[in-house]
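Notes follow once the structure below has been shown.
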Amino acid sequence: MLKYKAPLRDIKFLINDVFDFQTHYKDLNNGENADPETVDMILQGFADFSENVLAPLYQEADAEGCHFKDGEVTTPKGFKEAYDQFVEGGWQGISYPEQYGGMNLPMSLNLIKSEMMGTANWPWAMYPGLSTGCINTMMQYGTQEQKDLYLPKLVEGTWSGTMCLTEPQCGTDLGQVKTKAEPQEDGTYKISGTKIFISSGEHDLTENIIHIVLARLPNAPKGTKGISLFIVPKFTPTEDGEAGERNGVTCGSIEHKMGISSSSTCVLNFDGATGYLIGEPNKGLKAMFTFMNTARIGTGIQGLAHMELSFQNALPYAKERRSMRALSGTKEPDKVADAIINHADVRRMLLTQKAFAEGARSMIYHAARYADKMAQGVATGNDEEFEKWDDKLGFYTPIIKGFLTELGIEAAKHGQQVYGGHGYIKEWGMELIARDARIATMYEGTTGVQALDLLGRKVILQSKGKVIRDYTASIMRWCGEYALDKNMRQFVWALTKLCAEWNTLTVRLMLMARKDREIISAASEDFLMYSGYVMMGYHWARMAAIAYDRLENGGTESPEFYKAKVQTAEFYFDKILPRTSGLAESMVAPSESMMAMDIESFAFLD
């Protein structure tokens, strides 16, 4: 059976030693509430709930799945009771204003909460997780009347939210959205259409579900410029803010999926449902991106969750399972064979999982500080501040989402390999992690979509390469601080070369695009993965620098922890970071070999 233990030691290393969250919180208007004692108490509360309530439900709920009958969805045994505990603890409102019932703590603590809950039981965590984006969108674009009506219940957790974008004929290409919104004399709209793949679209956990829906007004411009955003509640709220009459939105079916079977993925039919415009007409996509960026960070956390859970369960198995003798000599002569952790290849897989999980956590927590600043811009109504930090976070978003979810699949594969044949058997749980990890690369846009967003939009169209120059300049400034440090020389030298190469590759691709029109699409995924490996390398170097400092200057009761940090960083630079070489060569290869073949020539099956 899968087990989960919240990695509090590693979490505290990042928030205290690496990123100094306490100093960061002093610059936030809600940071004074996040004093060390409060943060420790909250972290322990997250850990207890995740370890003792959510984790034991994970495998049994997967076996049971969700139940669908007559438009209603029943979640697996134990989910409702766990959700009630979640609401009772006030966990949904941790990062939202007190005026709506929240704790008014920084957004970063909410992301840490999401990591723990998601690692313990990702399908369950999706139910409250979808509400986060709904709340953020309403905070940013809702009228005061809409905020007063919906936010107290959403922040409390007794109501939940969804994001309704995808339709049968379109996923990423939202310009094809056909759902209609007909204006009514009372200022409301009648929403008609079908949305598919709607996570948490119907369930029995909350009293009401608030759908955020993309739809078209009559005579709206074609394409993405003609999309508006609407609030469509499952039950229309009464004047006193309670769930009233049933609205015209029903669940037509739930999907039978490869993984996350205990998370309801719904087909929703809107049949003249009453909707309320949020934001400006025909500018719904901009408002929805607030929701989508939140969801993309959350999906990156899913990648981390699968890395961590797979590693935590593969490690004890590798210590206990015995097979053959180590090539360097017998390690346990009194046993029938050596534990497989003594074999170099098994250590390669375990260290890869460890390096991925701890590197991913550092990347996400760094981005979480930007999310804090962005949330402050929303809370204070400072649009300029919001845009500034939203832009900064925008560079990280496709990397965190695309790169980390791909590594989540790799980490899950390594976990199965450590278990050997048992990794394919359900009772051990490793195949469950592998199944659940797959969807993360498709949520909120596939890896290819994230890659095009990074290279095509963020790097080339929007910044002409400046975003890469700026980011590598920050790495180089950091490298300069450690240029004469003998311990850090290996990391500094490798990062210096990669920063120069990253800029060169960016310029080459921009120049190649003048003649090779397909090169950006052809190179984008290689570019994303290259960017992710370099970014994670930078984070590992930073963690190694802190670890060396703690080891050399004393004052620590756990030198083994810091020594392991340094050793993992060395492994990453020796065995993982060289992957960038192949990616660099591949991304600048002309697109001709991809595009030359006639479509009819892909297969000859007659």
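The values are calculated or read from the model by the stated rules, or taken from the named source; none is laboratory data. All values reported here derive from a predicted model rather than from experimental measurement. Backbone-built Cβ (ideal geometry, glycine too); neighbour counts: all protein chains shown.
Within the range 281-292, the set of residues being of a type outside the set (Phe, Trp, Tyr) and in contact (Cβ under 8 Å) with a residue 40 or more places away in the chain comprises Pro281, Asn282, Lys283, Gly284, Leu285, Ala287, Met288, Thr290, Met292. Does at least one position in the range 272-279 carry a residue that is modelled with pLDDT of 95 or more and under 26 Å from the mean Cα position of the chain (by Cα)? The answer is yes; a qualifying residue exists. Residues satisfying the criterion are present in the range 86-104 (criterion: among the polar types (S, T, N, Q), in a helix (DSSP H, G or I) and more than 30 Å from Ser253 (Cβ to Cβ)). Here is the figure for the range 580-606: residues that are surrounded by 13 or more Cβ atoms within 10 Å (Cβ to Cβ) and under 16 Å from Met535 (Cα atoms) total 3.
Ile425 meets each of the listed conditions (1) on the phi > 0 side of the Ramachandran plot; (2) in the same structural domain as Trp389 (by TED's automatic domain parsing); (3) more than 24 Å from the chain's Cα centre (by Cα) apart from (1).
Condition (residue is closer than 29 Å to Val566 by Cβ and either at pLDDT 95 or above or not in a helix (DSSP H, G or I) (or both)) applied to the range 512-527: is it met by at least one residue? Within the range 512-527 (the criterion being closer than 29 Å to Val566 by Cβ and either at pLDDT 95 or above or not in a helix (DSSP H, G or I) (or both)), the answer is no, since none of the residues qualifies. Among the criteria (1) crowded, with 18+ Cβ neighbours inside 10 Å; (2) within 17 Å of the chain's Cα centre (by Cα); (3) modelled with pLDDT under 95, the one Ile364 does not fulfil is (3). In this structure, Lys354 qualifies as part of a helix (DSSP H, G or I), farther than 14 Å from Arg296 by Cα, modelled with pLDDT of 95 or more and more than 15 Å from the chain's Cα centre (by Cα).
Yes/no matrix, rows are residues, columns are (1) over 24 Å from the mean Cα position of the chain (by Cα); (2) within 25 Å of Lys426 (Cα to Cα); (3) free of Cβ contacts under 8 Å to residues at least 40 places away in the same chain; (4) outside the structural domain of Arg438 (by TED's automatic domain parsing):
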residue: Thr74; (1), (2), (3), (4): yes, yes, no, yes
residue: Lys77; (1), (2), (3), (4): yes, yes, yes, yes
residue: Gln92; (1), (2), (3), (4): no, no, no, yes
residue: Tyr141; (1), (2), (3), (4): no, no, no, yes
residue: Val155; (1), (2), (3), (4): no, no, no, yes
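Among residues of the range 244-273 that are surrounded by fewer than 18 Cβ atoms within 10 Å (Cβ to Cβ), those with a Cβ under 6 angstrom from a residue that is among the polar types (S, T, N, Q) and not in a strand (DSSP E or B), sequence gap 6+ or separate chain, pair up as Gly244/Thr238.
Scanning the range 53-72 for residues that are assigned to a helix (DSSP H, G or I) and over 23 Å from the mean Cα position of the chain (by Cα) turns up Glu60, Ala63, Glu64.
Only one entry of Glu431, Glu406, Glu384 meets the criterion of being surrounded by fewer than 24 Cβ atoms within 10 Å (Cβ to Cβ), at pLDDT 95 or above and more than 24 Å from Tyr530 (Cβ to Cβ), and that entry is Glu431.
The set of residues from the range 550-563 being of a type outside the set (Lys, Arg) and surrounded by 16 or more Cβ atoms within 10 Å (Cβ to Cβ) comprises Leu551, Tyr562.
The listed residues are Ala494, Ala437, and the only one of them that is in contact (Cβ under 8 Å) with a residue 40 or more places away in the chain and touching a His at 6+ places or on another chain (Cβ under 7 Å) turns out to be Ala437.
Screening the candidates Gly377, Gly415, Gly420, Gly394 for the property of being assigned to a helix (DSSP H, G or I), at positive phi and either of a type outside the set (S, T, N, Q) or free of Cβ contacts under 8 Å to residues at least 40 places away in the same chain (or both) yields one hit, Gly420.
Residue-wise test of (1) assigned to a loop (DSSP other than H, G, I, E, B); (2) without any contact (Cβ under 8 Å) to a residue 60 or more places away in the chain; (3) polar (S, T, N, Q); (4) within 30 Å of Leu229 (Cβ to Cβ).
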| residue | (1), (2), (3), (4) |
| --- | --- |
| Gln312 | no, no, yes, no |
| Leu327 | yes, yes, no, no |
| Pro333 | yes, yes, no, no |
| Ile341 | no, yes, no, no |
| Ala360 | no, no, no, no |
| Ala368 | no, no, no, yes |
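One residue stands out among those in the range 61-115 that are charged (D, E, K, R) and crowded, with 20+ Cβ neighbours inside 10 Å: the one that is nearest to Gly377 (Cα to Cα), which is Lys113.
Note on the range 488-538: residues that are among the hydroxyl-bearing types (Ser, Thr, Tyr), farther than 14 Å from Leu454 by Cα and surrounded by fewer than 19 Cβ atoms within 10 Å (Cβ to Cβ) amount to 2.
Over 25 Å from Gly394 (Cβ atoms), among the charged types (D, E, K, R), modelled with pLDDT of 95 or more and assigned to a helix (DSSP H, G or I) - does that describe any residue in the range 479-489? Yes, the range 479-489 contains a residue that is over 25 Å from Gly394 (Cβ atoms), among the charged types (D, E, K, R), modelled with pLDDT of 95 or more and assigned to a helix (DSSP H, G or I).
Do you know which of the residues in the range 217-237 that are more than 29 Å from the chain's Cα centre (by Cα) and either at pLDDT below 95 or in a strand (DSSP E or B) (or both) is nearest to Thr188 (Cα to Cα)? Per the criteria, the residue is Thr236. Restricting attention to the range 167-206 and to residues that are within 26 Å of Ser261 (Cα to Cα) and of a type in the set (A, V, I, L, M, F, W, C), the residue that is surrounded by the fewest Cβ atoms within 10 Å (Cβ to Cβ) turns out to be Cys170. Filtering the range 213-230 to residues that are aliphatic (A, V, I, L, M) and crowded, with 24+ Cβ neighbours inside 10 Å leaves Val213, Leu214, Ala215, Ile227, Leu229.
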